[in-house]
Structure formats: C-alpha cells, structure tokens
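**Q** One structure is given below, represented as structure tokens, and several questions about it will come after.
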Amino acid sequence: MKIILVCNAGMSTGIMQVKLEECAKKENIDVEIEAIPISEIESNTEDVGVVLLGPQVRFAKDDISKMFEGKAYVYSIEIQDFGLMRADNVWKAILPELLKRN
C-alpha cells in the first residue's frame, strides 16, 4: 500500500517519513511511504491508501478528502506530533485504516 506524506514543499516530512517506515517495519507491514509537496498531490493519486497531511497544509484537508473520496484515508497530523516527530502517534492513528485496507 502507498502512503503519501504531504507538506508545503515536500522537505520537512523527510524525518517523519523515515520514522514511519521504521514503524511499518516493526509491525511487519509492507507500505511505500512517499513525501511530496502539496503542489504534486494531483499527480500522485494512483494506488494511495492513506494521505497524511503535515500541519502546514491541513487547511486543504476538505479539498484533498474530496479528491481521494472512496480511495484513500486522509489524516491530518497533529501539530505536536509533527513538531516533535512522534511517528509512533501518527502510526497508531492510521494503523486501523491500514489494516482495513491491506
């Protein structure tokens, strides 16, 4: 399954991406996680199961949810979890959805 991690420019999510990949490895769940800037979201809709929004782009959640309606789960990462790079909290929040979709 593919997870896209969306932020303003696609750069601040790199650490979160690596930490989420570690969470997936610990759980033995096969996912592909890709960090992208919001400007590229429309060209990254294929095979996406979860869309993670960094706090800086949460303003677009409604539009993104419509774009992925029926295709992917859209989750806004909490400001504190993103700022402190608490990927384990993000992972716990999306895990039920991942298990449903796998």
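The values are calculated or read from the model by the stated rules, or taken from the named source; none is laboratory data. For clarity, every value in this text was computed on a predicted model and none was experimentally measured. Every residue, glycine among them, receives a Cβ derived from its backbone with ideal geometry; neighbour counts consider all protein chains shown.
**Q** Restricted to region 61-102, and to residues that are among the small types (G, A, S) and over 14 Å from the mean Cα position of the chain (by Cα), which residue is farthest from P37 (Cα to Cα)?
**A** G70
**Q** Hey, among the residues in region 43-62 that are at pLDDT 95 or above and surrounded by fewer than 13 Cβ atoms within 10 Å (Cβ to Cβ), which one's nearest to M16 (Cα to Cα)?
**A** F59
Yes/no matrix, rows are residues, columns are (1) in contact (Cβ under 8 Å) with a residue 40 or more places away in the chain; (2) touching a strand residue (DSSP E or B) at 6+ places or on another chain (Cβ under 7 Å); (3) aromatic (F, W, Y):
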residue	(1), (2), (3)
A9	no, yes, no
T13	yes, yes, no
L20	yes, yes, no
Q56	yes, yes, no
M67	no, no, no
E78	no, no, no
D81	no, no, no
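**Q** Oh, and also: Inside region 22-33, can you point out the residues that are touching a residue at least 24 places away in the same chain (Cβ under 8 Å) and either under 17 Å from E97 (Cβ atoms) or more than 15 Å from the chain's Cα centre (by Cα) (or both)?
**A** If the condition is that a residue be touching a residue at least 24 places away in the same chain (Cβ under 8 Å) and either under 17 Å from E97 (Cβ atoms) or more than 15 Å from the chain's Cα centre (by Cα) (or both), then C23, A24, E27, I29, D30, V31, E32, I33 are the ones that fit.
**Q** I'd like to verify a number: residues in region 73-84 that are surrounded by fewer than 19 Cβ atoms within 10 Å (Cβ to Cβ), hydrophobic (A, V, I, L, M, F, W, C) and under 20 Å from F59 (Cα atoms), how many?
**A** Residues flagged as surrounded by fewer than 19 Cβ atoms within 10 Å (Cβ to Cβ), hydrophobic (A, V, I, L, M, F, W, C) and under 20 Å from F59 (Cα atoms) within region 73-84 amount to 1.
**Q** Please state which one of I36, I4 is touching a strand residue (DSSP E or B) at 6+ places or on another chain (Cβ under 6 Å), of a type outside the set (S, T, Y) and either at pLDDT below 95 or outside any strand (DSSP E or B) (or both).
**A** I36
**Q** Look at region 63-101 and say how many of its residues are in a helix (DSSP H, G or I) and either among the polar types (S, T, N, Q) or closer than 16 Å to L20 by Cβ (or both).
**A** 19
**Q** Working only within region 2-42, note down all residues that are in contact with a helix residue (DSSP H, G or I) (Cβ under 8 Å, 6 or more places away or on another chain) and either surrounded by fewer than 17 Cβ atoms within 10 Å (Cβ to Cβ) or farther than 19 Å from Y73 by Cα (or both).
**A** Passing the criteria: N8, G10, S12, K19, E22, E27, I29, D30, E34, E42.
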